[in-house]
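Just below is one structure, and these are the notes that go with it.
The values are calculated or read from the model by the stated rules, or taken from the named source; none is laboratory data. Keep in mind it's a predicted model, so treat the numbers as computed, not measured. Note: ideal-geometry Cβ built from the backbone for every residue, glycine included; neighbour counts use all protein chains shown. We work out accessible area using only protein heavy atoms, side chains counted, and drop any ligands, DNA or RNA first. Shrake-Rupley method; radii C 1.70, N 1.55, O 1.52, S 1.80 Å.
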Amino acid sequence: MGRRLLEMFPANRANGLFDVYVHVVETGIPFASDDVPFVDPHASGGPVDQRLDLRAAKLGDGFVISIRDAGARHRAELEIRRLATAVEQSADAVVITDSEARIEYVNPAFERVSRYMRDEVMGQNPRILKSGVQGPAFYAAMWAALASGQSFVSDMTNRRRDGTLFQEEAVVSPIVDETGAITSYVAVKRDVTRERASEAALERFARERAQIAETLADLRVLPSPAATATEIARHVARLAGIATARVAYFTHVDPLTPLAFVRADGLPAQLARVPLERGRLLRERAEQGPWVEAWVGHPSHPYDRMFREMSIVAAAHAPIRHRGGLIGLLSVASAEANALELLTE
């Protein structure tokens, strides 16, 4: 008591606060400022480095100052800003809704994945992404978990603004207040469309490999080359995505002589002779190894009309070798939309 302000905290002169207090006394106009950095290495009680909320008002011939330590709040605000920046820059989509599941916040990653802009979804229910892939039981289980205060973790298929589907790995959690009441929900979701497609492709590839192994194990040598070739073609035509299978052999006289042709749909198909020039091209190409090609109809193709009716998209050819020498060719065709990729795999 009785000590001078500038004697105790000389920094008030350097930082201009003392002039502010003089102005309050002279004019009677109160002063208020929040989160003021106050650094005073020469304070009488030792160095000071704080964040302060300051209020000053005239009182008689002097003034009254109220000072509140804003350090804790400042640190909390910094933490909030850091968290907000992390959420905004996160590669995972973040969606926050109120307790009625109305969207209150989405981050840029949500916009990139869903193709919806932030202002389009504010106040909407997240069901705008609903694809129909998940049934009522899925959402009943999700809401049962959230209502009990637990997080719900699952893969789900959603629909983008442009109608395309995508897969997400989602964690949906309730946010509760100090009384335990749910005030909002937050969902953190990662786009796993490519990962799931790759996993599905690997699983399919493994199944097809196993099917091919079973096919080879079941093959039998029959009394004639034509019968054996037909057995091979039938087994190959059972593989996923295959519409037709043909086995032919090379001779010195004829570049390519057909032995068997099978349709996967079981309909009969007559063996068609391969034109001489086409046979030469196939033999030359077969010497280099297997290949896949988009099918382009041509009147000279032995199965042109049939392939058009079957909507064939692509064909694949695999050389048949014996003791290192080229003896034949296995050819398959596919009508799948992704036939080029399918046959390449």
Practice problem: With a 1.4 Å probe and every protein chain left in place, work out the accessible area per residue of the chain in Å², rounded to a whole number. | Solution: 60
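Shape of region 148-291 from its Cα gyration tensor (a ≥ b ≥ c, root eigenvalues): rounded if a/c is under 1.5, otherwise prolate when a/b > b/c, or oblate? Present the calculation step by step, with values, prior to reporting the outcome.
On the way: a/c = 4.37, a/b = 3.27, b/c = 1.34.
Because a/c hits 1.5 or more and a/b exceeds b/c, region 148-291 counts as prolate.
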Quiz item: Hey, in the GNM for the chain with a 10 angstrom Cα cutoff, which one of R308, R196, R112 fluctuates hardest?
Solution: R308
Quiz item: Amide H to amide H under 5 Å from L52: which residues, 5+ apart in sequence or cross-chain, H placed 1.01 Å off N in plane?
Solution: D35, V36, F38, A70
Quiz item: For the chain, what does the equivalent ellipsoid look like in terms of its semi-axes, each the square root of 5 times an eigenvalue of the Cα gyration tensor, given largest first in whole Å?
Solution: 81, 23, 18
Self-check item: Spin-label model distance (nm) - A269 vs H23, 7 Å beyond Cα toward Cβ
Solution: 9.2
Quiz item: Across region 52-59, in residue order, what do the Karplus-derived ³J(HN,Hα) couplings come to in whole Hz, using 6.51 cos²θ - 1.76 cosθ + 1.60 with θ = phi - 60° and x for Gly and Pro?
Solution: 10, 9, 10, 9, 9, 9, 5, 9
Self-check item: L5 accessible area, 1.4 Å probe, all protein chains in place, Å² to nearest 10
Solution: 60
Quiz prompt | Among P275, P174, P299, residue whose mean-square fluctuation peaks in a GNM of the chain (springs only between Cα atoms under 10 Å) | solution = P299
Quiz prompt | Check: region 245-344 dipole with +1 on Lys, Arg Cβ and -1 on Asp, Glu Cβ, in debye | solution = 320
Self-check item: Carbon plus sulfur fraction of accessible area for region 205-327, probe 1.4 Å, in percent
Solution: 57
Quiz prompt | Extension gain from L78 to D119, taking 0.36 nm per residue of separation minus the Cα-Cα distance | solution = 12.1 nm
Quiz item: Taking Rh as the Kirkwood radius computed over C-alpha pairs, what is the Stokes-Einstein D of region 40-107 at 25 °C in a medium of viscosity 0.890 mPa s, expressed in µm² per second?
Solution: 151
Practice problem: Could you compute the FRET efficiency for A200 and T344, with r as their C-beta to C-beta distance and R0 at 22 Å, rounded to 0.05? | Solution: 0.85
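Between R13 and A86, what is the FRET efficiency for a Förster distance of 30 Å, r being their Cβ-Cβ separation, to the nearest 0.05?
Details: r = 41 Å, r/R0 = 1.36.
E between R13 and A86, to the nearest 0.05, is 0.15.
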Quiz prompt | L5 paired with V48, simple spin-label distance in nm, labels 7 Å along Cα-to-beta-carbon | solution = 1.1
Quiz item: Under a point spin-label approximation (7 Å from Cα along Cα-to-Cβ), what is the D35-Q150 distance to one decimal in nm?
Solution: 4.1
Self-check item: Apportionment of accessible area to carbon and sulfur, region 56-172, percent (1.4 Å)
Solution: 55
